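Okay, so here's the structure we're looking at.
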Amino acid sequence: MKPYLMTALLVFVSLPTFADNNQSATSVPTQQAGQVVTTKAAPPKPFGLETITLEQESKIRQIQIELQTKSQALTPSQDKVAKEVEQWTKVVQDEKFDEEKVKNILRQYNEKQLELQVMKIKAEHDMYQVLTPEQKNTLAERRKKQQEQMKQIMQQAQEKAQNK
């Protein structure tokens, strides 16, 4: 299997476990004595765990807010993006290819991406540490089921590809 495909699958499998359930409350229509009454449903709990306490939820939300703030600080401004596009255009259009210049630009970009990924994984780690051992076990069981389902999907896809 191609390495990039395996990486994508691993990311895909872990997403539901560490999903950002930072959704607002939704309206749920109900019927009472012939009338339709709209009530607000509570937003989903972090990690999809109903056993999350308010204190845990508050800590997790704070970690998410901190991550968002730090991530936004790393996001380049529109002016910076425009300059980067102009820089790439010059590299492509120059008579002579400047490999060192391209490598330096890519190194800077990769450093920012690495920093962003480390921040995201640290936030996931910090959120996970807020959970109780029982909640961690529930997540581990859910992850195992998801991995088994993904393995079955991959096997079916490979079989389908081989039968063509």
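The values are calculated or read from the model by the stated rules, or taken from the named source; none is laboratory data. Every value quoted in this text rests on a predicted model; they were computed, and no experiment measured them. We place every Cβ from the backbone using ideal geometry, glycine too, and count neighbours over all the protein chains shown. These accessible areas exclude ligands, DNA and RNA; they are computed on the full protein's heavy atoms, side chains included. Shrake-Rupley method; radii C 1.70, N 1.55, O 1.52, S 1.80 Å.
Cα extents of the range 41-164 along the three principal axes, largest first, in whole Å?
Projected onto its principal axes, the Cα set of the range 41-164 covers 62, 50, 28 Å.
Residue separation times 0.36 nm, minus the C-alpha to C-alpha distance between residue 78 and residue 98: what's the value?
Details: separation 20, 0.36 × 20 = 7.20 nm, distance 2.53 nm.
This chain segment gains 4.7 nm when fully extended.
Probe 1.4 Å, all protein chains in place: accessible area of residue 85 in Å², nearest 10?
Residue 85 has an accessible surface of roughly 90 Å² with all protein chains in place.
Taking R0 as 30 Å, what FRET efficiency do you get between residue 86 and residue 114 from their Cβ-Cβ distance, rounded to the nearest 0.05? Each step should come with its number before you reach the end.
On the way: r = 24 Å, r/R0 = 0.82.
Efficiency computed from Cβ-Cβ geometry: 0.75.
Just to verify a number: what accessible area does residue 71 come out at with the full protein assembly present, 1.4 Å probe, Å² rounded to tens?
20
Quick one: 3J(HN,Hα) in Hz for the range 43-48, Karplus 6.51/-1.76/1.60 with θ = phi - 60°, rounded, Gly and Pro as x.
Once rounded to whole Hz, the list reads x, x, 6, x, 6, x.
Distance in nm between label sites at residue 106 and residue 160, each 7 Å beyond Cα in the beta-carbon direction?
Here the modelled spin labels are 3.4 nm apart.
Output ³J(HN,Hα) for the range 125-140: one whole-Hz value per residue in order, computed from phi by the Karplus curve 6.51 cos²θ - 1.76 cosθ + 1.60 with θ = phi - 60°, and x for Gly and Pro.
Using θ = phi - 60°, the values come out as 4, 4, 5, 4, 5, 6, 6, 7, x, 5, 5, 5, 5, 4, 5, 4 Hz.
Can you tell me the length gained on complete extension of the stretch residue 153 to residue 57, counting 0.36 nm per residue apart and subtracting the Cα distance? Numbers along the way, then the final one.
Numbers: separation 96, 0.36 × 96 = 34.56 nm, distance 3.30 nm.
Difference between extended and current length: 31.3 nm.
Order the peptides 150-157, 124-131 from the highest to the lowest mean number of other Cβ atoms within 10 Å of their residues. Don't jump to the answer; show the numbers that get you there.
Working: 150-157: 11.5, 124-131: 15.8.
So the peptides 150-157, 124-131, ranked by packing, come out 124-131, 150-157.
What ³J(HN,Hα) values, in whole Hz, does the Karplus curve 6.51 cos²θ - 1.76 cosθ + 1.60 give for the range 90-98 when θ = phi - 60°, with x put for Gly and Pro?
Values per residue, Gly and Pro as x: 4, 4, 5, 8, 4, 4, 10, 6, 9 Hz.
Pop the C-beta distance of residue 125 and residue 146 into the FRET formula with R0 = 25 Å and round what comes out to the nearest 0.05. Please report the intermediate quantities before stating the final value.
Values: r = 19 Å, r/R0 = 0.76.
With R0 = 25 Å, the Cβ-Cβ based efficiency is 0.85.
For the range 105-159, with every protein chain kept in place, what is the accessible area per residue (1.4 Å probe, Å²)? Intermediate values should be presented prior to the final figure.
Values: 4200 Å² over 55 residues.
Dividing the accessible area of the range 105-159 by its residue count gives 76 Å².
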